[in-house]
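Here the structure is laid out as structure tokens; the discussion comes afterwards.
The values are calculated or read from the model by the stated rules, or taken from the named source; none is laboratory data. None of these values were measured; they are calculated from a predicted model. Here the Cβ positions follow ideal geometry from the backbone for every residue, glycine too, while neighbour counts run over all protein chains shown. Keep in mind that these areas ignore ligands, DNA and RNA; they rest on the heavy atoms of the full protein, side chains included. Shrake-Rupley method; radii C 1.70, N 1.55, O 1.52, S 1.80 Å.
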Amino acid sequence: NAGVTQTPKFQVLKTGQSMTLQCAQDMNHNSMYWYRQDPGMGLRLIYYSASEGTTDKGEVPNGYNVSRLNKREFSLRLESAAPSQTSVYFCASSPHGQGGSYEQYFGPGTRLTVT
Amino acid sequence: DAKTTQPNSMESNEEEPVHLPCNHSTISGTDYIHWYRQLPSQGPEYVIHGLTSNVNNRMASLAIAEDRKSSTLILHRATLRDAAVYYCILRDVHSGAGSYQLTFGKGTKLSVIP
């Protein structure tokens, strides 16, 4: 049981390049999330998927797109990377999204640098 | 979600108990109290959560004040592996689309002294 896995672990991009961050979970969870964490800051939600087939914007969605490929996989795409998107990206999943009684399980993160 | 207040940092000696406080004076009756921690260079890790009663699990205990305006995360015997940033987060059990997000503040950085 690997939990939440993310690829790649590290990535360096030049401004304007595109890339896709991959996330998969093996816990049969319905809801999945993408967060970013900037140095010395708390996590901020980029997009989430409450259930397979649905996606919604979070707090900081500009510059990103997402795809819920199936129940296991949720990808985050940067179409034209900017230095402001230099951050650590975390994927998470939970049994259900809504409501305060469900915990979220996080992946190990992808460290992205945009030069 | 209602706001929480935590000390910026705390220190503990190894193998001693640690009490991490959290104030949430504007908590509503349907807010769950969640604790997560983040070890250096890792993703956040769920620790414990509760609504009204004290809760215990294999990682920690959560003590909730009777008026629910504060709570304390208790690590019974701190180890070096417990050195992390600890986040206290409130989540409304009935809220709508906004409830999907975990709102992380600055948290408390716990240092464990060997």
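Considering only region B:7-26, I want to know if a residue exists there that is touching an Asp or Glu at 6+ places or on another chain (Cβ under 7 Å) and over 25 Å from B:Pro114 (Cβ atoms).
no
Is region B:19-32 home to any residue that is at pLDDT below 95 and within 30 Å of A:Thr5 (Cβ to Cβ)?
Yes, region B:19-32 contains at least one residue that is at pLDDT below 95 and within 30 Å of A:Thr5 (Cβ to Cβ).
Going by the conditions given, is B:Tyr36 within 20 Å of A:Val4 (Cβ to Cβ), modelled with pLDDT of 95 or more and in contact with a strand residue (DSSP E or B) (Cβ under 9 Å, 6 or more places away or on another chain)?
It is true that B:Tyr36 is within 20 Å of A:Val4 (Cβ to Cβ), modelled with pLDDT of 95 or more and in contact with a strand residue (DSSP E or B) (Cβ under 9 Å, 6 or more places away or on another chain).
From A:Ser75, A:Ser67, A:Ser94, A:Ser84, grab the single residue that is modelled with pLDDT under 95, on the phi < 0 side of the Ramachandran plot and not acidic (Asp, Glu).
Result of the check over A:Ser75, A:Ser67, A:Ser94, A:Ser84: A:Ser94.
Do we have any residue at all in region A:99-107 that's at pLDDT 95 or above and either crowded, with 17+ Cβ neighbours inside 10 Å or within 20 Å of B:Ile89 (Cα to Cα) (or both)?
Checked region A:99-107: at least one residue is at pLDDT 95 or above and either crowded, with 17+ Cβ neighbours inside 10 Å or within 20 Å of B:Ile89 (Cα to Cα) (or both).
Residues that are without any contact (Cβ under 8 Å) to a residue 60 or more places away in the chain, at least 2 per element: which strands (runs of 3 or more DSSP E) completely within region B:1-99 meet that?
Output list reads B:18-23, B:31-38, B:45-50, B:61-64, B:70-75, B:84-92.
Name the single residue, out of those in region A:1-18 being open to solvent by 20 Å² or more (accessible area, probe 1.4 Å) and part of a strand (DSSP E or B), that is farthest from A:Ser93 (Cα to Cα).
Only one residue tops the list, namely A:Val12.
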